[in-house]
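Student: Below you will find the structure I want to go over with you.
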Amino acid sequence: MAVETRFGVGAGVLGLSIAFASLGAWATVIEPERLVVRPARISLPEWPAGWEGLRVAAISDIHAGSPHVGYAQLEHLVSTTNEQRPDLVVLLGDYVCRRTPQEGVEKPENLAATLSALRAPLGVVAVLGNHDWWLDGERMRRAFEGAGIRVLDNEALRLDRGGEPLWLVGVADALTRIPRVEYALRTVPPEDPVVLLTHNPDLFDHEVPDRVVLTLAGHTHGGQVRLPFIGSPIVPSAFGQRYVEGVVVEGRRTLFVTPGIGTSVLPIRLGVPPEVSLLTLGASGTESR
């Protein structure tokens, strides 16, 4: 009996060891490179009829040069996004992960050249994040705009469809710069619809006015790890899991946070795969997450 008991305990320990090893392999090797396209239809009561069904590919936190984001992964990201045929691509910051430029994919000019292959009828529009400014925000902006990617930094850009306007307002990163929402809105007629682009979703709590129909953000990585019953134990936000990922509706305002592509601090993802968020915007038919 004692022998059987010892054998049972040993088998249990072995089983747990295998399970934990498999989980570790998934989180460190498989999931960080398992790019998914996740569609979401977002209902916006103030959405203009002329822009019904707008398809937006939202991409954030690429962190090029991190362990799972090299040239091959970046090219796969671009081709996967283009296959979805979005009307607009928005890039929401943190394209690099190092404070000093290297000569590989994380070099701003190399990164911009690869992302320049993104295609959308309404263009590719970006804001910068904290990692971009820790590296060299001005250099990043020059590289992106030299590659045909418009960068908004407390600025507004008007789009038109059939003579009906839609404004993209991009604000500066909240950790390294001063986001000036009202300043960026100064040229936008008060009756025109606005989509706000920000790297950090914490801005949504107190600085985004009701006139903004939709706010798009990244930064959180969806927590990188999501556990059953617990959620994401670590979220880089002053509001914890409130803005961790997906659709958030507060009063008349709507926020969408994309969980991003790369990793930082620890090169792991578990329950939060790299994602291209494919958003369909309209006045009805919400599919939130």
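Student: For region 195-254, what's the relative contact order in percent, using C-alpha pairs closer than 8 Å and at least 6 residues apart? Present the calculation step by step, with values, prior to reporting the outcome.
Tutor: Details: 82 pairs, mean separation 19.5, N = 60.
This gives 32 percent for region 195-254.
Student: Okay, moving on. Of all beta bridges DSSP finds with both residues in region 50-196, what is the antiparallel percent, to the nearest 5?
Tutor: Numbers: 7 of 20 bridges.
Given both bridge residues lie in region 50-196, the antiparallel proportion sits at roughly 35 percent.
Student: Checking the a/c ratio against 1.5 first, then a/b against b/c, what shape does the Cα gyration tensor give for the chain?
Tutor: Details: a/c = 2.11, a/b = 1.64, b/c = 1.29.
It comes out prolate by the Cα gyration axes.
Student: By its C-alpha gyration tensor, with a ≥ b ≥ c as the square roots of the eigenvalues, how is region 220-289 shaped: rounded for a/c under 1.5, else prolate for a/b larger than b/c, else oblate?
Tutor: On the way: a/c = 2.16, a/b = 1.61, b/c = 1.34.
Because a/c hits 1.5 or more and a/b exceeds b/c, region 220-289 counts as prolate.
Student: Each label point is 7 Å from the Cα along the Cα-to-Cβ direction; what then is the distance between the points at E138 and V265, in nm?
Tutor: The two pseudo-label positions are separated by 3.1 nm.
Student: What whole-number value in Å² describes the accessible area per residue of the chain for a 1.4 Å probe?
Tutor: On the way: 12600 Å² over 289 residues.
In whole numbers, the chain has 44 Å² accessible per residue.
Student: Is the shape of region 56-156 best called rounded, prolate or oblate, per the rule: a/c under 1.5 gives rounded, else a/b larger than b/c gives prolate, else oblate, with a ≥ b ≥ c the square roots of the Cα gyration tensor eigenvalues? Don't jump to the answer; show the numbers that get you there.
Tutor: On the way: a/c = 1.82, a/b = 1.20, b/c = 1.52.
Taking the square roots of the gyration eigenvalues as a ≥ b ≥ c, region 56-156 is oblate.
Student: Lys/Arg Cβ at +1, Asp/Glu Cβ at -1, dipole of the chain taken about the Cα centre: which of T280, V257, Q224 is farthest positive-ward?
Tutor: So the residue furthest toward the plus end is Q224.
Student: Next question. Nearest-5 percent of antiparallel DSSP beta bridges in the chain? Don't skip to the answer; put the middle values down first.
Tutor: Values: 18 of 48 bridges.
Counting DSSP beta bridges with both partners in the chain, the antiparallel share is about 40 percent.
Student: Also, quick follow-up: How far is the Cα center of region 254-276 from the Cα center of region 42-97, in Å?
Tutor: 12
Student: Let me ask something additional. Normalising by the residue count of region 165-289, find the relative contact order in percent from Cα pairs under 8 Å and 6+ residues apart.
Tutor: Numbers: 228 pairs, mean separation 25.0, N = 125.
Once divided by the residue count of region 165-289, the mean separation gives 20 percent.
Student: Given Cα pairs under 8 Å that are at least 6 residues apart, what percent is the relative contact order of the chain? Present the calculation step by step, with values, prior to reporting the outcome.
Tutor: On the way: 675 pairs, mean separation 81.0, N = 289.
Relative contact order here is 28 percent.
Student: In terms of modelled amide H atoms, which long-range or inter-chain residues lie less than 5 Å from the amide H of G93?
Tutor: Residues meeting the criterion, in which the H sits 1.01 Å from N, are D61, V127.
Student: Go through region 56-69 residue by residue and turn each phi into a ³J(HN,Hα) via Karplus (6.51, -1.76, 1.60, θ = phi - 60°); whole Hz please, and just put x for glycine and proline.
Tutor: 10, 8, 9, 10, 8, 6, 5, 6, 4, x, 6, x, 10, 10
Student: Placing +1 on the Cβ of each Lys and Arg and -1 on the Cβ of each Asp and Glu in the chain, which of L77, A113, G50 has its Cα farthest towards the positive end of the resulting dipole?
Tutor: L77
Student: Is it possible to state the helix-based mean residue ellipticity at 222 nm for the chain, with each DSSP H run of 4+ residues giving -39500 (n - 2.57), the sum divided by total residues, to the nearest 500 deg cm²/dmol? What is it? Could the numbers behind the result be given before it?
Tutor: Working: 5 runs with 66 residues, N = 289.
Helix contribution divided over all residues of the chain: -7500 deg cm²/dmol.
Student: Quick check: at a probe of 1.4 Å, how many percent of the accessible area of the chain sits on carbon and sulfur atoms? List each step's numbers first, then the result.
Tutor: Numbers: 7300 of 12600 Å².
Taking all protein chains in place, the chain shows 58 percent carbon and sulfur surface.
Student: Continuing with this model, one more query. Between A283 and E46, what is the label-to-label distance in nm when each label sits 7 Å out along the Cα-to-Cβ direction?
Tutor: 1.5
The values are calculated or read from the model by the stated rules, or taken from the named source; none is laboratory data. Since the structure is predicted, the reported quantities are computational estimates derived from the model, not experimental observations. Backbone-built Cβ (ideal geometry, glycine too); neighbour counts: all protein chains shown. SASA here: full protein model, heavy atoms, side chains in, ligands and nucleic acids out. Shrake-Rupley method; radii C 1.70, N 1.55, O 1.52, S 1.80 Å.
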